[in-house]
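Read through the structure below, which is laid out as structure tokens, and then see the notes.
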Amino acid sequence: MNMQLITYLIENHAALLNPPISGDLANIYILFASTSKHESAGMKQQEAKLAAFWKELKDIADLCPGCFIFASTGYGSAALSSRDVTVEYIDIQALRMIRDSMISTPAEVARPVRPLGRESSEELALSDRLLSVLDSDAAATPNKRVLAKLEHFLSVKPASYRLGHERAQKFTPHSKFIPICGNRSHTNALASIASIAGNRVLSLDWNQLAGADQSTPGLSRCVQSKIHHIPNLKPQTDKTLGDCSYLDTCHKLSTCRYMHYLQYVPESLVQSVAARSRELNDAESDSKSICLYTRNLCCSVASKSVLPAQWIQCDVRKFDFSVLGQFSVVVADPAWNIRMNLPYGTCNDSELTDLPLELLQREGVLFLWVTGRAIEVGKESLRKWGYEVCNQISWVKTNQLGRTIVTGRTGHWLNHSKEQLLVGLKGQPEWLNRQCDVDLIVSGSRETSRKPDELYEMIERMVGPHARKLEIFGRDHNTRPGWFTIGNQLTGDSLCEPDVQRKYRQFLHTQRTSYGCSSVAA
Amino acid sequence: MSHDRTAPKNSIEHSRKRKSNASLKAAAHLHNNNYTDHYIHTGALPQKNVRNTDNPVEGYPNLQKLFRLKEKQIANHSSAPYGCRLDIDEMVPTLKNWIHNEKIVFDVVMIGCLTDNQFIYPLLTGLPIDKLISKPGFLFIWGSAQKINELTRLLQNDGWAKKFRKSEELVFIPIDKKSPFYPGLDNDDQVLFEKMQWHCWMCITGTVRRATDGHLIHCNVDTDLSIETESTRKSAIPSHLYKVAENFSTATRRLHIIPARTGTETPVKVRPGWVIMSPDVMLNNFDSKRYREDINKVGAHLPIRNEIELLRPKSPVQKRNS
Ligand SMILES: [Zn+2]
Ligand SMILES: [Zn+2]
């Protein structure tokens, strides 16, 4: 440990961090070397000494994590090189503690060091006064450096977090991703050369595309790497009106005067992207089968098959939840009885909050879709069922063009561009993979009240593919391998877990007999 | 090893060989991206894929015109920008003084900003806030998801729930984790999904009807969601927070209370038409007499302008839903 360096840093930290030095490592080294009798050497030696100096600083930093904040042009990169490092912050309190603890053990004797930039005592008094003003301000207001340091400490994630992320990457199949082009001039250029029939783009002519490439450079390359939306111009289209609010869901395509668009992706691009993701997935299926990090998952996660989709068509309000057993995750998308005429039956708030959801989870996570006023009712219900609201996910709904939905009086006071999903946590489950995903879903809107499928994948990453998962108020399109779905709009039932089959038969039997009794009584 | 790189090139060459009547065939099926998967594999956050972040009303010339006209009208009928710099502890006594001695009321009150360390609940409960806000009046409360979640307690409080109706929940999303508005501190170990948003309660006090009170409120102009753009980074408070309130209510008396230290590096700027109370606001020029004179000059509400009336979304006459 270089005591001399520590002392030097304590005494000169302000001068070193401020302009003109501004924490530049090479300059700090030169200044430090000039105070401590090191004679200047050749360039090559200088480079080696700088590296040694850098190592000394890192040694101190290792001894006392956080006593320096380093930055470089490529911030966050794993290996900082001594050439482009700057010292952003020096914690002199920490350094003093190191010095004090070292001095008490008489290992090294610190040589006197000449402090920087102090010539006359008169100037010193003035600068000290100015500095004290700064210091008092820094004490009263959260200073950026202090905050940055605190945030740095608080944002350090445990290894389980990083391992979890890595595993999520391995277990999530690569889907085909094609970026959307946002260049308006491309849209206009393509409008004139696309051959469109029956509200579909059939193809783009190569010669015409090459011609358009002259006036719009880069067009043909962009066409082959991104999704484009080509105006679907009709005799009645009036370009000055702008886009139709309904775009691809417009029912009046033959009369609507607003702009509509057709998606265009070359078949060749789709195929190459598909081939690439297939290749990546094949490569990853190998690493998946020898998954060593199985924490929070079933230990044979890679080889065990996932149960097929199970569902029961039933009136959720009258169903005996004890038939179903326990679940790691429950998703509910109730039709809240808000003043909106949704095309399916709604139930009252109280009918909903009275559901005996406490039967389904001793500990676990419950996802509850809410809208408008139901946000607060939903939060209250979660608390009543024994959950703590720990996240509120926003689904940012996008349209055909990948834009948020901003028109159409979608809300009472403001337009609604998002929907909310409350996440409740019950107990303290230790088998959750936390924070693989963010609390946002950006996904296109589909039929009324149909929610994005991305949620299923987020949940599967959180609890693994084999955990029992239940969806309440589900419809046919919600059934899914590894999931149990109940709801009154499902078609029939399909069960494969023997204990559930047995209990369900029993439930049906008692229902039939009690119905029989009551009809006899009537 | 990787054949994929040569694949598109081959297809180009292949098509070129056929020269005339060669064409680039469209895919048979519509393509949909999965931005959640994409985030897992690349770290590119889902909100980066929203195509109208910089101009939310892109593609809608009438709405663009409406926003321009409203912005101009709001600018033309604004009080001077006022700042009131004081400690968080002095806020409640000062506001009480404004209410009882100075007799100042505001129609639009915004509380909070995009930082974690806010004292919102104590401020709300320490004040006769209903006396600070006129009727009808509008209250916007911004904070972390956690802080806003705690406000649910207010609804169980009869006094509060009778006076204020929570009407909308707004969300502000930072563009990435390097943003000054990234709510990093809100992410404790309990959190299941990394938090990426700030929430806002929009509350209404008194009675307004959206169909008939067009002189007081303009509904459905903004949406309940906004995503950070480059231009929002220059201040401690993104201008969008102010704009939503300005676009919704036509009132000109607006107050913003920031019960938090926001630091010296990102300044709390003053804004025409607003009185901003904060420990870190740049100006400290509030003077109740001058403010009253200002408001008398510009009027308590924006005048009705036909051009705006024609463009703004309105409730259809007696026929809802379609
Ligand atoms: Zn393009
Ligand atoms: Zn249309």
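Observations, loosely collected:
- If you go through segment B:38-69 and keep only what is open to solvent by less than 30 Å² (accessible area, probe 1.4 Å), under 21 Å from residue B:171 (Cα atoms) and part of a loop (DSSP other than H, G, I, E, B), you end up with B:45, B:50, B:52, B:53, B:57.
- Hey, residue B:19 charged (D, E, K, R), out of contact with any His (no Cβ under 9 Å at 6 or more places or on another chain) and at pLDDT below 95 or not: yes
- Of all the numbered requirements in (1) within 16 Å of ligand 1 (Cβ to nearest atom); (2) at the interface with another protein chain (Cβ under 10 Å from one of its Cβ atoms); (3) free of Cβ contacts under 8 Å to residues at least 24 places away in the same chain, residue A:192 misses one, and that requirement is (2).
- Flag for residue B:126 being in contact (Cβ under 8 Å) with a residue 60 or more places away in the chain and more than 8 Å from chain A (Cβ to nearest Cβ): no
- Residues satisfying the stated conditions in segment A:204-225, i.e. crowded, with 17+ Cβ neighbours inside 10 Å and either away from ligand 1 (no atom under 16 Å from the Cβ) or aliphatic (A, V, I, L, M) (or both): A:204, A:205, A:206, A:209, A:212, A:219, A:223
- Condition broken by residue A:247, with the remaining ones in (1) open to solvent by less than 60 Å² (accessible area, probe 1.4 Å); (2) at negative phi; (3) facing chain B (nearest Cβ under 10 Å); (4) not small (Gly, Ala, Ser) satisfied: (2)
- Identity of the residue in segment A:271-280, in contact with a Lys or Arg (Cβ under 7 Å, 6 or more places away or on another chain) and of a type in the set (A, V, I, L, M, F, W, C), that ends up nearest to ligand 1 (Cβ to nearest atom): A:273
- Residue among A:392, A:428 that alone is buried (at least 21 other Cβ atoms within 10 Å of the Cβ) and closer than 29 Å to residue A:295 by Cα: A:392
- Elements of type strands (runs of 3 or more DSSP E) in segment A:384-447, at least 3 residues being more than 18 Å from the chain's Cα centre (by Cα), more than 9 Å from every other protein chain (Cβ to nearest Cβ) and more than 17 Å from residue A:370 (Cβ to Cβ): none
- Residue list for segment B:134-153, filter: over 19 Å from the mean Cα position of the chain (by Cα) and open to solvent by less than 10 Å² (accessible area, probe 1.4 Å): B:152
- Inter-residue pairs, beta-carbon under 8 Å, first within 16 Å of ligand 1 (Cβ to nearest atom) and among the polar types (S, T, N, Q) and in segment A:241-263, second open to solvent by less than 50 Å² (accessible area, probe 1.4 Å) and part of a loop (DSSP other than H, G, I, E, B), 6+ apart: A:263/A:400; A:263/B:31
- Qualifying residue in segment A:377-389 (condition: touching a residue at least 12 places away in the same chain (Cβ under 8 Å), of a type in the set (Phe, Trp, Tyr) and buried (at least 21 other Cβ atoms within 10 Å of the Cβ)): yes
- Within segment A:294-331, the set of residues being without any contact (Cβ under 8 Å) to a residue 40 or more places away in the chain and assigned to a loop (DSSP other than H, G, I, E, B) comprises A:294, A:299, A:300, A:302, A:303, A:305.
- Of the residues making up segment A:82-108, just one is at pLDDT below 80 and surrounded by 18 or more Cβ atoms within 10 Å (Cβ to Cβ), namely A:82.
- Answer residue from segment A:245-281, given it is polar (S, T, N, Q) and in contact with a helix residue (DSSP H, G or I) (Cβ under 7 Å, 6 or more places away or on another chain) and is nearest to ligand 2 (Cβ to nearest atom) among those: A:268
- Residue A:362 being in the same structural domain as residue A:453 (by the TED database), modelled with pLDDT of 90 or more, in a loop (DSSP other than H, G, I, E, B) and open to solvent by 20 Å² or more (accessible area, probe 1.4 Å): yes
- In summary, helices (runs of 4 or more DSSP H) completely within segment B:78-136 and bearing 3 or more residues that are within 23 Å of residue B:261 (Cβ to Cβ) and of a type outside the set (Gly, Ala, Ser) occur at B:88-97, B:120-126.
- Residue within segment B:205-216 that is at pLDDT 90 or above and within 18 Å of the chain's Cα centre (by Cα) present: no
- Residues located in segment A:229-240, provided they are within 16 Å of ligand 1 (Cβ to nearest atom) and either surrounded by fewer than 20 Cβ atoms within 10 Å (Cβ to Cβ) or under 16 Å from residue B:29 (Cβ atoms) (or both): A:229, A:231
- Yes/no for residue B:197 being surrounded by fewer than 21 Cβ atoms within 10 Å (Cβ to Cβ) and at the interface with chain A (Cβ under 7 Å from one of its Cβ atoms): no
The values are calculated or read from the model by the stated rules, or taken from the named source; none is laboratory data. Only a predicted model underlies this, so the values are computations on that prediction, with no experimental measurement involved. Reconstructed Cβ throughout: ideal geometry from the backbone, glycine too, with neighbour counts over all protein chains shown. Side chains included, ligands, DNA and RNA excluded: accessible areas come from the protein's heavy atoms. Shrake-Rupley method; radii C 1.70, N 1.55, O 1.52, S 1.80 Å.
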